[in-house]
Amino acid sequence: MTASRLEDLAALSCILDDSALCEERTVTQAEIELEQAYLDKAHERLDAMRDAARALSAEVVAEGAGGTFAARVERDIRVELSGRRLSQLNIGDGSVCFGRLDFSDGLRAYVGRIGVSDEDGEQLVVDWRAPVAEPFYRATPADPLGVVRRRHFLFRGRRITGIDDELLDHEPPDGLVLMGEGALLAGLERARSGRMHEIVSTIQREQDAIIRSHLAGALVVQGGPGTGKTAVALHRAAYLLFAHRTRLERDGVLLVGPNPVFLRYIEQVLPSLGEHTVALATPGELYVGSARVRAIEPRRLAILKGDARMASLLARAVRTRERPLKAPLVYRYGRHELKLEPAESGRIVLAAQRRRGTHNSRRIVVERLVARALVRAWREAEARYVRVGRRVGLSDAEVARMAAVMQSELREDEGAHAALERMWPVLTPEELLHDLYGAPALLREAGKGLFDAEELESLQRERASSFGEIPWTEADISLLDEAAQLLGPTRRSLCQEETLPTGARHYGHVVVDEAQGVSAMQWRALSRRCPAGSFTIVGDLGQASGPAPPESWEQALQPMRLRSEMRVEELTVNYRTPSEVMKLATSVLAEAAPRLTPPSSVRESGERPLVERVGLDELVGRAVEVARRERQAVDGGRTAVIAPSELLSDLASLLDAPCVVRDDRLSAAEARRVLDAPVAVYSLDTVRGLEFDSVVLVDPSRLVREHEQGLRSLYVALTRTTGRLSVLHAEPLPPSLERARKDETR
């Protein structure tokens with residue numbers, strides 16, 4: 001029974017003159033009022049801390065832009081620090097504090113999203129990441145860690161509406177008041193708002209151990225649906241920033257999610273914990289060059305482009321552009337006509353290939369070797385002109401100076417420049433990939449022995465009339481990133497050096513969510529973002545798709561070539577999906593991935609899933625009817641309709657709801673519109689990582705047929721709900737789902 005419900009019953013009992021319940025209500029209300037007064041004081045101090053940070057910022061800005069260089073640098077640092085402090089203090093409209101610890105030695109600690117001190121520096125609220133707050137998540141009756149009572153506050157805004165206590169000591173002190181029924185379940189019962197909320201007040205012991213795990217190496221968190229793995233990853237990012245502030249604020253933290261909808265879904269969590277410095281991106285946004293995703297391609301082609309073999313193909317594609325001349329280079333220098341024969345140009349290319357460095361950085365080597373070869377030809381021609389058989393007497397220094405001058409002049413000569421571009425062209429990643437897709441001969445040469453003829457043919461694409469019209473896809477982006485690593489920056493001419501962005505920014509730590517959907521080429525791109533190898537990788541192998549889902553995380557992460565330790569932790573408790581729904585989902589998983597163990601649900605919704613067969617002509621109409629009913633049933637919550645691709649537009653039109661067919665093309669504004677809608681229509685592959693109060697699943701058998709790993713995708717769809725599930729089908733259900741339905745109705 002919640003505290004608010006207890007108060008309602010107490011009020012009724014007072015009317016009936018039930019003195020015992022009235023006394024309980026009085027005690028409860030008194031405790032709430034005492035705690036509210038303390039929290040009000042903490043919020044007053046938080047407001048004062050914000051005001052002080054704003055005043056400091058305004059004072060620095062008022063100083064103006066003058067002064068010495070050192071003074072300007074100092075002022076810029078103060079502006080940055082005050083701005084950062086303001087960001088840390090901006091935690092939104094929720095309460096700064098969510099719980100309290102009472103220790104056996106009489107000490108007390110209020111635990112919150114950030115630390116708050118009074119005017120004398122005494123701690124009013126301790127940051128949840130501080131060591132003193134650790135027992136809030138780790139203490140158990142078997143191992144209380146010195147804690148007598150752990151108290152959770154329930155809120156509406158900043159007002160306490162209830163208190164939930166846990167007694168951790170078998171011999172509590174006299175006069176200890178206990179109340180409440182469970183903050184975790186209370187949090188799970190609230191309606192979805194279209195955004196993920198922080199779980200800082202309800203983090204469980206197994207989750208906390210992962211959150212506070214050390215920074216070094218790659219931490220992999222395997223967790224089935226509803227285990228809170230995304231929330232754990234976000235809270236781990238916040239914890240690491242707290243514990244390693246100096247290093248990570250300098251180097252940065254990157255969080256990578258599968259699509260824009262997912263990023264918009266989680267974007268409020270870290271700011272609510274006082275962290276505003278984490279960069280969020282999808283795999284398609286990692287490349288820093290000029291290319292942007294402009295097109296959608298068939299899923300099979302995207303999978304092919306994500307294959308690890310593409311790394312070898314690109315390396316070969318670069319190598320094939322390093323080649324000898326077909327005809328001699330004829331270069332007029334003074335009174336002589338000099339020649340560079342194809343055989344000599346081949347020796348120059350081989351010499352440059354033996355050097356270390358990126359392709360473009362070695363162009364200067366080729367230019368230097370060509371210039372030296374032409375100087376040798378000039379000396380021989382000059383010797384013949386002066387006296388046959390006599391060498392021109394130039395010192396080594398004079399030869400070097402002459403070669404340098406000639407090297408500079410070669411860049412300005414049209415014929416010589418064309419020869420250099422033939423031997424060793426300066427390439428951007430976009431040029432390399434565009435040329436490769438548009439030239440079957442180049443593709444065949446680069447892909448020989450790696451891909452079959454059908455695969456190479458599928459990679460071909462007509463050349464665009466301009467670079468701005470190239471239909472880049474999300475899968476192309478990781479290939480461009482790989483090409484950038486191979487090519488390096490460009491240098492277009494001696495007169496005008498133009499360095500294009502080809503490198504990746506390095507981060508101190510990278511968090512990758514929904515990692516089971518990351519391709520091999522995307523893993524390679526991610527590994528370049530953190531050379532130190534500090535990763536938090538969360539996902540569920542049971543939700544992996546593609547032609548050959550990995551059987552282990554070691555297999556999945558092989559493309560990263562991790563040089564540091566990798567450790568795998570598993571979350572086993574499903575806090576989100578009701579057990580009534582998990583019975584259906586577990587049957588599907590048993591067929592899709594029999595080696596995997598589904599998480600155990602901790603709650604029941606009291607709502608048995610609706611499974612209903614309807615006629616094909618009635619399917620869309622019935623789905624609309626059920627979706628409207630569900631919208632009313634979850635008043636204020638969110639409903640998702642997941643349907644086969646050919647039904648999406650009709651459903652969206654009849655429901656007047658946003659429709660997500662390919663979430664990788666949505667803008668941030670469009671993604672927010674989808675998440676804010678009380679009802680939205682989704683294709684099967686666009687609901688990864690999301691959760692809803694109710695899910696309406698339309699014709700599962702057709703959904704399964706649309707995907708290579710259809711049963712795994714169906715498992716994902718079934719586990720998106722936190723409460724209600726409706727399954728409508730015109731075709732017979734997949735056998736595993738049909739068996740589960742029959743078992744449920746017995």
With labels modelled as points extended 7 Å from the Cα through the Cβ direction, what inter-label distance (nm, one decimal) is found for Q29 paired with A315? 7.5 nm
Filtered hits (lysines, Cα-Cα < 26 Å from K583, offset >= 8 within chain) -> K229, K742
If you average the alpha carbon positions of the stretch 549-567 and of the stretch 298-375, how far apart do those two centres end up, in angstrom? 35 Å
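Report relative contact order for the stretch 565-654 in percent, whole number only (criteria: Cα-Cα under 8 Å, sequence separation at least 6).
Working: 56 pairs, mean separation 22.8, N = 90.
The value is 25 percent.
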Roughly speaking, what is the centre-to-centre gap between the stretch 507-531 and the stretch 415-478 when only Cα atoms are used, to the nearest Å? 25 Å
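Packing-wise, with mean Cβ within 10 Å as the measure, how do 578-591, 153-166, 334-347 rank, highest first?
On the way: 578-591: 22.4, 153-166: 17.7, 334-347: 15.4.
Descending packing order for the listed peptides: 578-591, 153-166, 334-347.
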May I ask you to evaluate 6.51 cos²θ - 1.76 cosθ + 1.60, the Karplus curve with θ = phi - 60°, for each residue of the stretch 332-348 and list the ³J(HN,Hα) values in order in whole Hz, giving x for glycine and proline? 7, 9, x, 8, 10, 9, 9, 10, 10, 6, x, 4, 5, 5, x, 5, 5
Grab the Cα-Cα distance for A404 and H214, subtract it from 0.36 nm times how many residues apart they are, and report the gain in nm with one decimal. 63.1 nm
Projected onto the charge dipole of the stretch 508-582 (unit charges on the beta-carbon of Lys, Arg, Asp and Glu, signs +1, +1, -1, -1), the Cα from M560, S545, V573 with the largest positive-side position is that of M560
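Highest mean first, what order results for 728-739, 370-381 on Cβ atoms within 10 Å?
My ranking of the peptides, most packed first, is 370-381, 728-739.
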Given the C-alpha centroids of the stretch 707-728 and the stretch 573-635, what is the distance between them in whole angstrom? 7 Å
If r is the Cβ-Cβ distance from E414 to D676 and R0 is 51 Å, what FRET efficiency results, to the nearest 0.05? 0.30
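Can you check how the C-alpha radius of gyration of the stretch 313-382 compares to 2.2 N^0.38 Å, as a plain ratio?
Values: Rg = 13.5 Å, N = 70, 2.2 N^0.38 = 11.1 Å.
So the stretch 313-382 has a normalised radius of gyration of 1.22.
Of the accessible area of the stretch 505-625, with the probe set at 1.4 angstrom, what percent is carbon plus sulfur? Before the final figure, lay out the partial values.
Numbers: 2390 of 5200 Å².
Here it works out to 46 percent.
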So, by mean Cβ neighbours within 10 angstrom, what's the order for 274-281, 707-714, 719-726 with the highest one leading? 719-726, 707-714, 274-281
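The values are calculated or read from the model by the stated rules, or taken from the named source; none is laboratory data. These numbers were taken from a predicted model, which means no experiment stands behind them. Cβ coordinates were reconstructed from backbone atoms using ideal geometry, including for glycine residues, and neighbour counts include every protein chain displayed. Accessible surface areas use protein heavy atoms only, side chains included; no ligands, DNA or RNA. Shrake-Rupley method; radii C 1.70, N 1.55, O 1.52, S 1.80 Å.
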